[in-house]
Each structure stands twice: as structure tokens, then as C-alpha cells.
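Chemist: What follows is a single structure, and I will ask about it in a moment.
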Amino acid sequence: PSVPENPRPAVTAQEIDAVKPGIRGEQDVVRMIVEVMMSLIEVFGFQHQSVQNQAEHVSALWRSKLGDCTTRSAALSMLHNDLLFSHRTWLHAVHDAFPAGRSAAPANSAGQHLDEVCLYLCIWGEAGNVRFMPELLLFVFEAARQYYQQARRSPTVTDPYSAARGLAEGREQQAGAAHGDFLVYIIRPVYNRVFRETFTWNSTTHKPVFKFSGAAPKRVLNYDDFNEVFWDTNIMRRALFVGDAPGRPLLDVTEEQGGPDLFERLCEVNWDLMTTVNAKMYWETHSWFPLFASFGRVYVLHGIAFAGCLAARESLAWAYVGLPAPAISIAVELSA
């Protein structure tokens with residue numbers, strides 16, 4: 001794709017609300033979405049087919065919110081709030097993971113809302129199985145959000161994956177990212193690390209093979225373990241490293257003045273340095289105890305009910321035995 005010489009101006013709420021209803025109006029909305037999507041392809045190197053799917057996704061979500069709002073900008077704001085509510089909650093808990101001098105401002109305009117909705121869904125669309133790690137995706141999204149806000153203010157688009165390509169410092173970079181770079185340099189390294197933890201690749205059958213005969217040992221990292229790293233800034237500092245072993249903490253590197261942004265460093269993360277020692281928060285054990293623990297309340301309620309039946313048994317028995325004979329005969333006649 002061609003690289004813009006100047007930053008793309010963000011769409012305004014007035015422009016969005018000026019769109020007329022009907023087919024022509026829907027075409028104008030799609031045009032706004034496509035302009036944002038093309039900019040994201042140029043900056044991050046998303047796959048064209050994936051971006052096309054997410055453009056239709058954004059359009060459908062936006063249109064569905066319009067039924068609850070009076071204006072298109074209000075519908076977009078509602079979509080942004082619903083889609084990224086978990087991101088705001090997560091960011092509040094780990095805000096110190098991002099350098100204060102580089103943190104992106106919260107979205108407060110219709111243009112920023114549209115940018116962030118499109119960016120999040122593009123990342124989600126590329127993620128594949130990495131979607132099972134939602135906090136990791138939020139970390140990637142926040143890094144990309146900060147980078148994109150700066151890229152939009154820059155007169156040219158640079159290559160965020162130059163370090164992964166092995167380019168020396170000061171060497172001329174290519175303009176923008178290439179098609180599929182986000183998948184190659186951001187998503188695939190994470191997935192390959194998770195895959196190698198429990199699977200191997202059979203080159204004969206071209207199929208993955210589970211490493212263990214039974215359940216995975218408790219020291220094996222799983223999706224939850226990788227995801228829990230991004231729950232807390234302190235865990236990120238001890239588990240995320242850049243470069244060869246022993247590596248440098250990712251967050252310390254990004255705090256250096258004048259250094260690359262966090263997103264530019266993500267492609268340099270050595271995911272193999274994330275181990276059970278620095279990343280695993282909980283040990284999984286396999287036993288029959290969870291069966292009893294999970295149904296504990298059921299057992300307690302059954303025990304209370306049974307004890308109540310035993311306690312009432314004697315009084316009920318005496319009541320039936322002491323029932324006068326005429327009453328019994330009347331009850332029999334009535335039942336007949």
C-alpha cells in the first residue's frame with residue numbers, strides 16, 4: 001500500500017452525524033471505516049483479508065448500536081465503551097507498566113473512538129488461539145494504541161518491526177509495515193511458545209503431537225499461565241525479557257529516554273525466557289479432591305435434609321399411631 005505523506009485527519013463527530021440515513025449513508029460510514037483500516041494496514045501490517053472481515057464487523061456492530069441511539073456518533077461512543085470496557089479496567093490496574101511520558105491519552109473524540117474500535121478488532125481478528133489470553137491481547141492493544149497515536153502525528157510511516165528484521169541502528173528503514181507483519185512478528189512468536197510447551201510437530205504426518213501420555217504435568221505453562229503474566233506489572237517485569245538470555249526486562253528497556261516505543265520492542269521479546277520460575281502463579285494438581293470440593297454445598301444440604309428427616313421421624317410416627325380410628329375411617333372413605 002502507498003504510504004501517506006501527511007497524517008490522516010481523524011473523522012469528527014460532526015462529519016459522522018452529517019451522514020444521511022439510507023444506503024448512501026451506509027456507504028459513507030463504510031468509507032470512513034475503510035480509511036481507518038487502510039491506515040492500520042500501513043502502520044501495523046495487518047492481513048488484507050482479515051482487515052476486510054473486521055471492517056464488515058465494525059460496520060455491523062455500529063449499525064446495531066444505532067438502534068439505541070439518536071445519532072451515529074453516540075452509537076459509536078456506545079460501541080467503544082462496550083467493546084473496550086475491560087481494557088479500561090485492566091489499564092487502571094497496570095497503568096505503571098507504561099512510561100508516563102509516552103502514555104496515550106484516553107479517547108475523547110469520535111475519531112479516536114473509531115480508530116480504537118478498528119484497531120482492537122484488527123488485533124483480535126489476527127490473534128487466533130491467542131484470544132484465549134485476553135489480558136495479553138489488552139497489553140498488545142495498549143502498546144499498539146500508543147504507537148498509533150504517535151504514528152498519526154508523524155509526517156511519515158516508519159517500520160515498527162525493523163529490530164526483528166535485523167536492521168542495524170541508523171540504517172534506512174522501509175516505509176511502513178509489510179502485509180502480514182503483525183502476524184509474523186507479534187502473534188506467531190507467542191503462539192509458537194505456547195505450542196512448544198505441550199506439543200511437538202510431527203514432520204511426517206504434518207500434525208501436532210501431544211508431548212505427554214496423560215495429563216500435562218503441573219509444572220507446564222498453559223494458556224492461563226501466560227495470560228496471568230499480564231495481570232500485574234511486577235510479574236511482567238520478571239517474566240518479559242528482550243534479547244538473548246539472560247535478557248533485559250522489557251519494561252525497563254521501554255522506560256529509557258529516547259528509546260523505541262513499547263510496541264516496537266514487542267517483536268524483540270524472547271518468549272522462551274518466560275518459564276515456570278518467573279511466570280507460573282498457580283500449580284495445577286490432579287486428584288479426586290476437587291470433586292468433593294466442588295459439590296461440598298450439595299453434600300452439606302443433603303446432610304442437613306437427612307438429619308431433619310431423622311429428627312422429625314419420631315414425632316411423625318407418634319402422630320400417625322395416635323390418630324383416632326374414626327378419623328382414619330373418614331380419611332379412607334374420603335379417599336375412596
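Chemist: Looking at segment 243-313, which chymotrypsin sites (Phe, Trp or Tyr not before Pro) are DSSP coil and have at most 10 other C-beta atoms within 10 Å of their C-beta? Write down the numbers at each step before the final one.
Modeler: Details: sites: 263, 271, 282, 283, 288, 292, 295, 299, 306; in loops: 282, 283, 288, 295.
Answer in residue order: 282, 283, 288.
Chemist: Give me P(r) over segment 51-142, computed from all C-alpha to C-alpha distances, binned every 10 Å, as integer percentages.
Modeler: Whole-percent P(r) values from 0 Å outward: 15, 45, 32, 7.
Chemist: How much accessible surface area, in Å² rounded to 10, belongs to the heavy atoms of residue 38 with a 1.4 Å probe?
Modeler: Accessible surface of residue 38 is approximately 80 Å².
Chemist: A follow-up question, please. Using the beta-carbon distance between residue 95 and residue 131 and R0 = 22 Å, what value does 1/(1 + (r/R0)^6) give for FRET efficiency, to the nearest 0.05? Intermediate results must be reported in sequence, preceding the final value.
Modeler: On the way: r = 24 Å, r/R0 = 1.07.
For residue 95 and residue 131, the calculated efficiency is 0.40.
Chemist: Still on this structure, please answer the following. Let me have the relative contact order for segment 217-261, percent, based on Cα pairs under 8 Å that are six or more residues apart. Each step should come with its number before you reach the end.
Modeler: On the way: 24 pairs, mean separation 9.1, N = 45.
Value for segment 217-261: 20 percent.
Chemist: Using alpha-carbon pairs under 8 Å, 6+ residues apart, how would you state the relative contact order of segment 169-255 in percent? Don't skip to the end; give the middle numbers.
Modeler: On the way: 46 pairs, mean separation 12.6, N = 87.
Reported relative contact order: 15 percent.
Chemist: A follow-up question, please. Tell me the per residue accessible area of segment 34-140 using a 1.4 Å probe; a whole number in Å² is fine.
Modeler: Values: 4500 Å² over 107 residues.
On a per-residue basis, segment 34-140 sits at 42 Å².
The values are calculated or read from the model by the stated rules, or taken from the named source; none is laboratory data. The model shown is predicted, which means the values in this text are computed figures rather than measured ones. Quick reminder, even Gly has a Cβ in these numbers, built from the backbone with ideal geometry, and neighbours come from all protein chains shown. All accessible areas refer to the heavy atoms of the entire protein, side chains included, with ligands and DNA or RNA removed. Shrake-Rupley method; radii C 1.70, N 1.55, O 1.52, S 1.80 Å.
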